[in-house]
Structure formats: C-alpha cells, structure tokens
Amino acid sequence: MKFAPSLLAADFGRLLETAQTVADLSAYLHWDVMDGHFVPNLTVGPVVVNALREKLSTPFDLHLMISEPHKYAPQFHIKPGDLISFHMEAVRDPVSVIETVRDLGARVGLALKPRTPVREAELLLSRIDVLLVMSVEPGFAGQSFIPETLTKIRQAKELIHQKRLRVELEVDGGVNLQNIREITRAGADIVVAASAVFGQEHPRAALEALQQAASA
C-alpha cells in the first residue's frame, strides 16, 4: 500500500515544515489543485506547488480538479516519478490531455467522480498509469467516505486484472482508521488521506497509524 498525504488539510502557514514531517513515509505528497469552476473551491496553483517542488524530494501527486488541465499542467515543475491526474469529466479529448501530461515527463492519472462508472474509463486504461477513484465529491476536505465506492474499487481492480494492465488504483476521499482496511482489501494500491493525517495533532504519528491499520 502506498500513501499520498493530501496537503489540502495541512497548516498552510507552515506548509513546507508540515510536508517535511511526513515526506519520508510517503510514496507521494498529494496536491488538490482546484479552480473554482470544475469544483466549487479554489486552492493552490503552480506558484505554491512549484515553490515546494524545489525543496522536497518526495514525488508529487497533482490532482487537477480543473476545467482546462491541458492548459495548466505544463505550468507545474515536474520531477521524475511525479504523477498528474486529471478528471475525465472535465475534458472532451482525454487522449490529448494524456499525451500532454506524458510529454511533461510525468506519470498519468485519470480521475473519476463518485457517480462516473468505471466502464467509462475502460478504453483509456491502457494509456494511463493510475486510475483515481474519488470516494467523496471533489471540492472539499473532511467529507465522509461514500460506502458504495468499495464496490467501484473492486470493479476497477477486476477490470485492470482482466486487461492484464499495470495500472495502479488510487482512492481519494474520506479515508480514515475506520475504513482503511476495507479500502485495502477492495484493491486500492495508493490511498490519499487528508484530514486523517494533517487534521490530527501529530500528522506523522497519524500517518504511521494508518499504515499499520492498512497492513493489519
């Protein structure tokens, strides 16, 4: 199991320091990039992300919850191993966006809202590295995990296996100590955790507790 703590729930007054507390335990540091159009919230953009990209060696997981990912993805500084995910629902030509992200040297992720069926991404699976299944409606941290997502995770995992692809399955939204084991068993390879890590008094200890629970 790989963990990608989401900095959306971090203390933005001490963003670098907070990220550093969990960086060595993390497969990725997750960034929720929101534009106020595709989702009803506005968060960080290239200026903030790039400032920390130069100071952290942990790969970045950029979740672009924006309307024009092909336009803004090139503005982010990319290092080997970084992942950029965009929403299938946000674009008319996902293949073009996949190619744009690939040309930047990043791994490619395709994100699906909770109500978007896995089958709608089937023809694109062979072109991507990560399928990101949202387990809350994108836009805000602190939401509760949607239980039906467990079925969707299993469906996605089975489809990936049927096609014999090396696509990793990422789950984002409402992950906590109470559901992490179920999410792991359903087939998640990468888990994003926001409030369950940075919303706690001691983020590093919280992440360690999630890791232990996932492998229990």
Selection within the range 1-52 - closer than 24 Å to VAL171 by Cβ and basic (Lys, Arg): LYS2
Among residues of the range 81-111, those that are in a loop (DSSP other than H, G, I, E, B) and within 17 Å of the chain's Cα centre (by Cα), counted: 3
Hits in the range 181-199 (condition: under 22 Å from GLY139 (Cβ atoms) and either over 17 Å from the mean Cα position of the chain (by Cα) or not in a loop (DSSP other than H, G, I, E, B) (or both)): ILE183, ILE190, VAL191, VAL192, ALA193, SER195, ALA196, VAL197, PHE198, GLY199
Qualifying positions in the range 160-180 - of a type in the set (D, E, K, R), under 22 Å from ALA141 (Cβ atoms) and exposed (fewer than 14 other Cβ atoms within 10 Å of the Cβ): none
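Residue by residue, here is whether (1) surrounded by 15 or more Cβ atoms within 10 Å (Cβ to Cβ); (2) in contact with a strand residue (DSSP E or B) (Cβ under 7 Å, 6 or more places away or on another chain); (3) on the phi > 0 side of the Ramachandran plot; (4) basic (Lys, Arg) holds:
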position: VAL48; (1), (2), (3), (4): yes, no, no, no
position: LEU52; (1), (2), (3), (4): yes, no, no, no
position: LYS55; (1), (2), (3), (4): no, no, no, yes
position: THR58; (1), (2), (3), (4): yes, yes, no, no
position: MET65; (1), (2), (3), (4): yes, yes, no, no
position: GLU68; (1), (2), (3), (4): yes, no, no, no
position: ALA73; (1), (2), (3), (4): yes, yes, no, no
position: SER85; (1), (2), (3), (4): yes, yes, no, no
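Laboratory data are not the source of any read-out in this text; all were calculated from the coordinates shown. Since this is a predicted model, take the numbers as computed values, not measurements. Using ideal geometry, Cβ is built from the backbone for each residue, glycine included, and neighbour counts are taken over all protein chains shown.
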